[in-house]
Amino acid sequence: MTQSVVVLRPDDAGRVAMLHGTGFADPWSPAAFRDLLSESTTLGLGAERSGTLAGFVLVQTILDEADILTIATAPDFKRMGIAAHLLKSLMSRLGERGISRIMLDVAEDNLPARSLYEGLGFSEDGRRPGYYTTGRDIPVAAVLMSRSLAL
């Protein structure tokens, strides 16, 4: 199966929202994605496999920093390295644009994602207790993570 990374455009909002809905209890709307992808400070990358959106990542840049807003992999493509491939491509592109630091937050109980981020050089900066509530009986902390993109 071939895989390519493409820059997402506002007209990709529908398929991005559909994929987002497969992984989040409170998915974002196509209009929300369209608005974000229309912003000059937002970069969205999609991984396509055989014409299917297999995953995506959305980041917002502020001066020389970037914040990952959301990332998702389609259920049929999980555990195939798509998220890692997208994040590596994203970090490379951001570094070329002069971005020196990338940040994210992840649910404390999302161990696969935390392991992925740690494997890509992210480290924990702090926590927001009780931050994630949607789809949970008990709120969990957001783990704040970042890494340098400096060469």
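Since every read-out is calculated from the coordinates, none of them should be taken as a lab result. Not measured: the values here are computed from a predicted model. All Cβ positions, glycine included, derive from the backbone under ideal geometry; neighbour counts span all protein chains shown.
Go ahead and set up a Gaussian network model of the chain, Cα springs under 10 Å, then flag whichever of 71, 82, 138 fluctuates most.
138
Skipping prolines and chain starts, which residues have an amide H placed within reach, meaning under 5 Å, of the one on residue 69, given they are 5 or more residues away or on another chain?
The list, which skips near neighbours in sequence, is 58, 59, 60.
If R₀ is 30 angstrom, what is the calculated FRET efficiency for the pair residue 24 and residue 62, using the beta carbon separation as r and rounding to 0.05?
Numbers: r = 23 Å, r/R0 = 0.78.
E between residue 24 and residue 62, to the nearest 0.05, is 0.80.
Whole number please: convex hull volume per residue of the Cα set in the stretch 82-151, in Å³? Mind showing how you got there, number by number?
Numbers: hull volume 6.4 nm³, N = 70.
About 91 Å³ per residue, rounded to a whole number.
Post the alpha-carbon centroid distance, the stretch 6-20 to the stretch 33-65, in whole angstrom.
8
Mind sorting out which of [x] 21, 20, 16; [y] 22, 17, 15; [z] 23, 20, 14 is the real semi-axes √(5λ) of the Cα gyration tensor in Å computed from the coordinates?
So the structure-derived entry is [x].
When the helix-only estimate is applied to the chain (DSSP H runs of n ≥ 4, each -39,500 (n - 2.57), divided by the residue count), what is the mean residue ellipticity at 222 nm, nearest 500 deg cm²/dmol? Display every interim value, and only then the final one.
Numbers: 4 runs with 42 residues, N = 151.
So the calculated ellipticity at 222 nm is -8500 deg cm²/dmol.
Under the rule of at least 5 residues apart or a separate chain, name every residue whose amide H is placed under 5 Å from the amide H of residue 74.
55
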